Structures are given as structure tokens and as C-alpha cells.
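**Student:** Okay, here's the structure, questions in a sec.
Just so you know, all these numbers are worked out from the coordinates, no wet-lab data involved. These numbers were taken from a predicted model, which means no experiment stands behind them. When we count neighbours, we look across all protein chains shown, and the Cβ atoms used for this are built from the backbone with ideal geometry, even at glycine.
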Amino acid sequence: MTVLTTAAEQTELEGSKLARGLKPGDVVLVSGDLGAGKTTFVRGACAALGVTDVVSSPTYAIGQVYAGPGIEVAHLDLYRIESAAHEPGLLEDYLTPERVGFVEWPGEGDAFGRVTATVRISHAGGDRREIEVTTP
Ligand code: ADP
Ligand code: MG
């Protein structure tokens, strides 16, 4: 499924739509260039899951964990990690069966045992973004 958004709020809305179908243990990979809107998408998803924390790109750690009502959300940004496959223990610290996980810059390969959905966001000129959600 591919949608075109023309404002950040619309990308948040797409994130919230995906989030409604998520349950603990689910992992969503979010790919796209710098500034494509990955964090924006995750922000919308987190809001829909009831997270009230500020959702921003984790800068000094590979991830952060937000507490929502009856759920935790792990938000990872693996931009600085060469290959997530090299960090299995690290990933497991964040991506637990009790949490919904979102992973920016997941990279190539199959480091994530269970992937619920893959989101690819592309620049489409100005504030336009193309968002493709793939579920296996
Ligand atoms: P990433 O995490 O992919 O690096 P961010 O979500 O942090 O990207 O930043 C996306 C930037 O692009 C934000 O400043 C946001 O306001 C802006 N933006 C403009 N139009 C859109 C859109 N249609 N969807 C998402 N973000 C948009
Ligand atoms: Mg980001």
C-alpha cells in the first residue's frame, strides 16, 4: 500500500493508522533518507499507542523506551550501527516481547527475527512524501 502525504501531520496520521493494528512483540522497520519523515511517522504511531513522551530521534543512544498506557514502545535509530546483525544482544535489550518496536535505519539483512511491517518513506518533492507499508 502506497500513500502520498503533503504535510508532516499526514505522515503522523499514517503512523497512527498502522499503530492501531499493533500488539506487544510487534516490530516495525522504518526506512528512508535523512529527513524523509521516519521519526515523524513513529511519532504519530506512538501518539496512537497513548505515548505522551516527546518522540524524537534518539541521538546519544541507539534507542529509547516510552511508556504508554499498558504498553511500552521501543524506538531505535541504527544510523550509526554498521550492521544490526552485529548487535543481537543490544537489539534484544530493546525489542522485548512486551514492547512494540520501531526501528529507523534497520539496514540490510535479517537481524530482526519478527517483523510485522516494513515502512519505506521517500521524498517526493517539497513537503510531499511517498509512504509504502508492506506487511509480510
Ligand atoms: P527522519 O527521521 O526520516 O530523518 P524526520 O521525521 O525527523 O525525518 O523529519 C522530517 C522533516 O520533514 C520534519 O521537519 C517534517 O516537519 C518535514 N516534513 C515536511 N513534509 C513532511 C511530510 N509530508 N511527511 C513527513 N515529514 C515532513
Ligand atoms: Mg529520524
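**Student:** Roughly speaking, what is the stretch gain from Tyr79 to Thr134, that is 0.36 nm per residue apart minus the C-alpha to C-alpha distance, in nm to one decimal?
**Tutor:** 17.7 nm
**Student:** While we're on this one: Note the full-extension length gain between Val54 and Thr6 as 0.36 nm times their separation in residues minus their Cα-Cα distance, in nm to one decimal.
**Tutor:** On the way: separation 48, 0.36 × 48 = 17.28 nm, distance 2.28 nm.
Full extension from Val54 to Thr6 adds 15.0 nm.
**Student:** Efficiency by 1/(1 + (r/R0)^6): what FRET value for Ile71 and Arg120, r their Cβ-Cβ distance, R0 = 22 Å, to the nearest 0.05? Spell out each step's value before the answer.
**Tutor:** Details: r = 25 Å, r/R0 = 1.13.
Given R0 = 22 Å and the Cβ-Cβ separation, E is 0.30.
**Student:** Can you give the FRET efficiency for Glu108 and Lys23, using 1/(1 + (r/R0)^6), R0 = 30 Å, r = Cβ-Cβ distance, to the nearest 0.05?
**Tutor:** Values: r = 27 Å, r/R0 = 0.89.
About 0.65, to the nearest 0.05.
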